[in-house]
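Working notes for the structure below.
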Amino acid sequence: MFLGGHSYGGPACLTAAALQARQGSSDPSAAGPKIRGLLLHDPAVAMGRNLQLTRDCPTVSFTSDEYDAAGVICGRTLHAKGCFHGNFVDAPLWAPTWVMRPLSALIPAAGSCDPAQMHSVLARAAVAFMSGTSSLLVLDWVSFAPVIGLFFFI
């Protein structure tokens, strides 16, 4: 089983993985599905701190321009250039650009990236991570975004 979380869903996933690790070390026969990895979007963690909770659980985080600028690092962290915090939800996919971009003057609703392309890249990266080909995220990340060059590594 893999867990995914956006914003405050990030710490929830980290806590679940840490609890499982603690319970598993005291009771190796603990029942239930094992958490095999975490996929986080703009995890709301202490700015600039790489939580040690991810030590025993493979974790990939994608950060927006704001979270990248604040120094958020959690597991293997990738910066989605041109992405705002709100790009990780579905609103930029269905709301018109002329609504989302001006709204970004008030809240981080949508960055300059193309929402459909960004969600496609995130989906392909998630499949690669969950299928065990996470080395793609490290070695061949350009294949995920050949046109837009979306990700920069931290």
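Bear in mind these aren't lab numbers, they're just calculated from the coordinates by the rules spelled out. Treat the numbers as computed from the prediction; the structure is a model and nothing was measured. All Cβ positions, glycine included, derive from the backbone under ideal geometry; neighbour counts span all protein chains shown.
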(request) Mind ranking 113-122, 74-83 by how tightly packed they are, going by the mean number of other C-beta atoms within 10 angstrom, highest first? (result) 74-83, 113-122
(request) Which order do the peptides 97-107, 57-67 take when ranked by the mean count of other beta-carbon atoms within 10 Å per residue, highest first? (result) 57-67, 97-107
